[in-house]
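The values are calculated or read from the model by the stated rules, or taken from the named source; none is laboratory data. It should be emphasised that the depicted structure is a prediction, and the values quoted were computed from it without experimental measurement. In this analysis, Cβ positions are derived from the backbone assuming ideal geometry, glycine residues included, and neighbour counts consider all displayed protein chains. Please note that ligands, DNA and RNA were not included when accessible areas were found on the heavy atoms of the full protein model with its side chains. Shrake-Rupley method; radii C 1.70, N 1.55, O 1.52, S 1.80 Å.
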Amino acid sequence: MDVRTSVIDKRLSKINHMICVASGKGGVGKSLVASSLALNLVEKGFKVGLLDLDLYGPSSHIILGIKKQGFPEEDKGILPPKNHNISFMSIVYFTEDKPSAFRGIDISNIIIELLAITQWGKLDYLIIDMPPGIGDETLDVIRLVKKSEFIVVSTPSKVAIGAVNKLLLMLKELKLPVIGVIENMKMNESDYVKNNVKKIGLPYLNSIYFDKNLEEAIGKPNRLLKTRFMKDLDKIVEKNILV
Ligand SMILES: Nc1ncnc2c1ncn2[C@@H]1O[C@H](COP(=O)(O)OP(=O)(O)OP(=O)(O)O)[C@@H](O)[C@H]1O
Ligand SMILES: [Mg+2]
């Protein structure tokens, strides 16, 4: 038994909703969706936390333009620094920008450690930016963050959907709550992803269109809030998240 796992329940006990943004596939826009979702909810006046669990390629801090501010403050754990009013925790506070290579057991240990030390306090939403695939991180989050609900991101590509299906089937088999699937970077009108998701029996949330101006807004939260990407995401938030 790992004593840290019993601490985790206590650490997460004052959080109303925990939403994992995941995908079976890399590069589909998970981090953009997770960071923008945190930003959207904080603008609506909610208390929001963002946890970047992509240990190999953390990127939420880049999207939100979070500068390194030294080691986070300690108080019977670690207080997640607030950026743009979002309580933010990521491995970058500990590894800086040095390359990080971890074995499976290290991954589990780091995730347990991050969850056990972070003092989120009272939150309306904790958004978790997941790494790609259905590896150790996903299994650890399912095991440790018991109340987590999932938003799954895909692109319209048949290649992406092939990998995303594996995650969807796994979540369905484990009877875990899936808020639904977002089709990101949509360019043409096609019902391929929608039909695929419906066939599996899970909710299709909506599409976010390819936004050619998105790159310019990376690192600038105030600009991100004004993008087409955020407008598309906001429709999903209003309809499917604020319940
Ligand atoms: N709707 C969109 N329109 C235009 N560009 C987008 C859109 N969504 C995401 N992108 C871009 O696609 C790239 C990948 O996005 P992101 O890093 O969020 O993907 P990811 O799924 O988190 O990747 P990884 O699997 O590596 O963690 C980024 O450069 C991002 O700016
Ligand atoms: Mg990512």
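Observations on the structure shown:
- Residues (buried (at least 19 other Cβ atoms within 10 Å of the Cβ) and away from ligand 2 (no atom under 16 Å from the Cβ)) located in the stretch 85-95: I86, S87, Y93
- Of all the residues in the stretch 152-171, those that are open to solvent by 20 Å² or more (accessible area, probe 1.4 Å) and either more than 19 Å from the chain's Cα centre (by Cα) or among the aliphatic types (A, V, I, L, M) (or both) number 8.
- Check on I19, part of a strand (DSSP E or B) and buried (at least 19 other Cβ atoms within 10 Å of the Cβ): yes
- Yes/no for S36 being hydroxyl-bearing (S, T, Y), within 16 Å of ligand 2 (Cβ to nearest atom) and under 22 Å from I110 (Cα atoms): no
- Residue list for the stretch 89-118, filter: in contact with an Asp or Glu (Cβ under 8 Å, 6 or more places away or on another chain) and under 27 Å from E216 (Cα atoms): M89, S90, I91, V92
- Any hit, the stretch 126-143, residues being open to solvent by less than 20 Å² (accessible area, probe 1.4 Å), touching a Cys at 6+ places or on another chain (Cβ under 6 Å) and either polar (S, T, N, Q) or within 13 Å of ligand 1 (Cβ to nearest atom) (or both): yes
- Restricting the first member to the stretch 39-56 and to residues that are on the phi < 0 side of the Ramachandran plot, and the second to residues that are more than 16 Å from ligand 1 (Cβ to nearest atom) and basic (K, R), the beta-carbon pairs closer than 8 Å and six or more apart or on different chains are K47/K122.
- Here S190 meets the list (1) more than 18 Å from the chain's Cα centre (by Cα); (2) modelled with pLDDT of 95 or more almost entirely, failing just condition (2).
- Of residues in the stretch 96-151 being within 16 Å of ligand 2 (Cβ to nearest atom) and polar (S, T, N, Q), the one farthest from the chain's Cα centre (by Cα): S100
- When restricted to residues that are surrounded by 14 or more Cβ atoms within 10 Å (Cβ to Cβ) and either in contact (Cβ under 8 Å) with a residue 24 or more places away in the chain or within 28 Å of D191 (Cβ to Cβ) (or both), the stretch 207-219 contains 8.
- From the options S90, S148, S59, residue that is closer than 17 Å to K14 by Cα and in contact with a strand residue (DSSP E or B) (Cβ under 8 Å, 6 or more places away or on another chain): S148
- Scanning the stretch 28-81 for residues that are open to solvent by 10 Å² or more (accessible area, probe 1.4 Å), charged (D, E, K, R) and outside any loop (DSSP other than H, G, I, E, B) turns up K30, E43, E74.
- Among the residues listed as V237, V159, V145, V153, the single one being touching a residue at least 60 places away in the same chain (Cβ under 8 Å), within 15 Å of K30 (Cβ to Cβ), out of contact with any Phe, Trp or Tyr (no Cβ under 8 Å at 6 or more places or on another chain) and among the β-branched types (V, I, T): V153
- Number of residues in the stretch 103-119 that are under 11 Å from I8 (Cα atoms), touching a helix residue (DSSP H, G or I) at 6+ places or on another chain (Cβ under 8 Å) and open to solvent by less than 30 Å² (accessible area, probe 1.4 Å) equals 5.
- Among (1) surrounded by 13 or more Cβ atoms within 10 Å (Cβ to Cβ); (2) within 20 Å of I127 (Cβ to Cβ), the one test that I200 misses: (2)
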